[in-house]
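Asker: Questions regarding the structure given below will be posed in turn.
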Amino acid sequence: MGKRAFITGVNGQDGGHLAKLLHDKGYEVYGMMRGQLEASHPRAQKFLTEFPYVKLVFADLVDLSAMTRAIQEIKPDEVYNLAAISHVGYSFKDPILTAEVTGKGVTNVLEAIRLSGLDKKTKFYQASTSEMYGGLDYNRPGKGYNENALFHPRSPYGVAKLYGYWITRNYRESYGIYAVSGILFNHEGERRGPEFVTRKISQAVARIKLGKQDKLELGNMDAKRDWGYAGDYVEGMWLMLQQDTPDDYVLATGETHSIRDFCELAFKEIGVDLEWQGSGVNEKGVDKKSGKTLITINPDYFRPAEVDLLLGDPSKAEKELGWKRKIDFPALVKLMVEYDLGLESN
Ligand code: F7E
């Protein structure tokens, strides 16, 4: 019989990529959706249309009894904890809930494994994040963050994720559970929600091309991110659970690009050359040829504290897991714009 995997947050971006990967590898895949949903709920129905092989479980990460019941029933070989409040900007608006779900929720899953007596059988993957580093200058400037870099989270999301990272490590050290963190830098693609900047841009570019939208409003244009493709990163998650000894790994591309770079490449895909005019809140992205303003700044999208620059060093994962990203930055932007052009044309 094949192995059983249990994915929390299965209907998020990474959940879909991972469910497919594990199904293709012959796993029996269980996926958790939040709270009071049922299989007949439109969100569950939509998910099952795309992923009919996933067995859905309805439970909430904040409910230890529900998590324990789910783990006891499934008896998974592998648990991938992808469920979280994951929008950094939103976490400033709802810091308490973020701590409950994104932080304490991790302990609920680990406790559910332990209370079910599955600590020797079930391997646990925690979705940790580059947001734990905080992007400050003193932190390995120019070299890229690796597994030994200092943490200094800059948002309630980052702080909650840091708790999740340490509790995962603590259960590994205290109880010998095979529990690991993947410290993933930004990973994007056609399954990304439009509340994240890359998808917001690719969607807007497609809509502008098709005459459905006039312009795009963005926040901090100077932020730099290490952007990879989510489909590449789920392979790394799986590899982390296939090793002889549990350990934590950074997954990243080793390149960093600004929001402006992403915009320029995305607009190039529809034949528009952007020119930047003005600065600060008055900065504008203008179509060089027509002079039309396509991008303006809206300070509502600024965050109380910002992560200015993220650059990851994936050498440990490349060496020990044999992992390497396949899709580079220009290919990622192209893939996303092409996908949204197709979607918006229908
Ligand atoms: O922002 C800036 C914004 O929301 C990227 C999550 O998956 O990756 C993601 O977190 C940057 C920030 O992603 C807009 O200020 C400018 O500097 O796409 P984002 P994120 O905050 O990096 C990490 C690794 C995670 O773990 C998270 O879960 O873009 N920015 N203008 C904007 N951001 C948004 N969302 N919208 C704008 O209009």
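Asker: Looking for whichever is closer than 28 Å to F302 by Cα and of a type in the set (D, E) here; the options are E78, E131, E147. Which one fits?
Answerer: E131
Asker: Here is a check on your reading of the model: is F196 more than 9 Å from the ligand (Cβ to nearest atom), surrounded by fewer than 22 Cβ atoms within 10 Å (Cβ to Cβ), within 19 Å of the chain's Cα centre (by Cα) and closer than 20 Å to A305 by Cα?
Answerer: Considered against the rule, which asks whether it is more than 9 Å from the ligand (Cβ to nearest atom), surrounded by fewer than 22 Cβ atoms within 10 Å (Cβ to Cβ), within 19 Å of the chain's Cα centre (by Cα) and closer than 20 Å to A305 by Cα, F196 comes out as no.
Asker: Look through R4, R34 and report the one residue that is in contact with a Pro (Cβ under 7 Å, 6 or more places away or on another chain), charged (D, E, K, R) and open to solvent by 10 Å² or more (accessible area, probe 1.4 Å).
Answerer: R4
Let's see how each residue does on (1) touching a residue at least 60 places away in the same chain (Cβ under 8 Å); (2) touching a Gly at 6+ places or on another chain (Cβ under 9 Å); (3) of a type in the set (K, R); (4) away from the ligand (no atom under 16 Å from the Cβ):
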position	(1), (2), (3), (4)
M32	no, yes, no, yes
A59	no, yes, no, yes
K75	yes, no, yes, yes
V79	yes, no, no, yes
A99	yes, no, no, no
A112	no, no, no, yes
K123	yes, no, yes, yes
S128	yes, yes, no, no
M132	no, yes, no, no
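Asker: Part of a helix (DSSP H, G or I) and crowded, with 20+ Cβ neighbours inside 10 Å: does that describe R172?
Answerer: Taking the combined requirement at face value, the residue satisfies it.
Asker: Additional query: Would you check which residues across the stretch 269-302 are of a type in the set (K, R) and over 17 Å from D214 (Cβ atoms) and list them?
Answerer: K288
Asker: Out of all the residues in the stretch 101-110, which are within 15 Å of the ligand (Cβ to nearest atom) and open to solvent by 10 Å² or more (accessible area, probe 1.4 Å)?
Answerer: Across the stretch 101-110, the qualifying residue is only V101.
Asker: If you go through the stretch 150-163 one residue at a time, do you hit one that is of a type outside the set (S, T, N, Q) and more than 16 Å from the ligand (Cβ to nearest atom)?
Answerer: yes
Asker: Additional query: Given (1) touching a strand residue (DSSP E or B) at 6+ places or on another chain (Cβ under 6 Å); (2) crowded, with 19+ Cβ neighbours inside 10 Å, identify the lone condition not met by E147.
Answerer: (2) is the only condition that E147 fails.
Asker: Another question, if that's okay. Yes or no: A44 touching a Gly at 6+ places or on another chain (Cβ under 9 Å), over 26 Å from Q243 (Cβ atoms) and open to solvent by less than 10 Å² (accessible area, probe 1.4 Å)? Let's see the steps before the verdict.
Answerer: Details: touching a Gly at 6+ places or on another chain (Cβ under 9 Å): no; over 26 Å from Q243 (Cβ atoms): yes; open to solvent by less than 10 Å² (accessible area, probe 1.4 Å): yes.
Spelling it out, it is not the case that A44 is touching a Gly at 6+ places or on another chain (Cβ under 9 Å), over 26 Å from Q243 (Cβ atoms) and open to solvent by less than 10 Å² (accessible area, probe 1.4 Å).
Asker: For the stretch 314-340, which residues satisfy the criterion of being out of contact with any Pro (no Cβ under 9 Å at 6 or more places or on another chain), charged (D, E, K, R) and within 15 Å of the ligand (Cβ to nearest atom)?
Answerer: Within the stretch 314-340, none qualify.
Asker: Show the residue pairs meeting these rules: Cβ distance below 7 Å; 6+ apart or different chains; first residue within the stretch 301-315 and closer than 14 Å to G89 by Cα; second residue among the β-branched types (V, I, T).
Answerer: Hits for this filter: R303/V88.
Asker: Do you know which residues across the stretch 123-156 are in contact with a Pro (Cβ under 9 Å, 6 or more places away or on another chain) and in a helix (DSSP H, G or I)?
Answerer: Of everything in the stretch 123-156, those that are in contact with a Pro (Cβ under 9 Å, 6 or more places away or on another chain) and in a helix (DSSP H, G or I) turn out to be E131, M132, P156.
The values are calculated or read from the model by the stated rules, or taken from the named source; none is laboratory data. Everything numeric here is computed off the predicted structure, so don't read it as measured data. Don't worry about glycine lacking a Cβ; one is built from the backbone with ideal geometry, like all the others, and counts go over all protein chains shown. We work out accessible area using only protein heavy atoms, side chains counted, and drop any ligands, DNA or RNA first. Shrake-Rupley method; radii C 1.70, N 1.55, O 1.52, S 1.80 Å.
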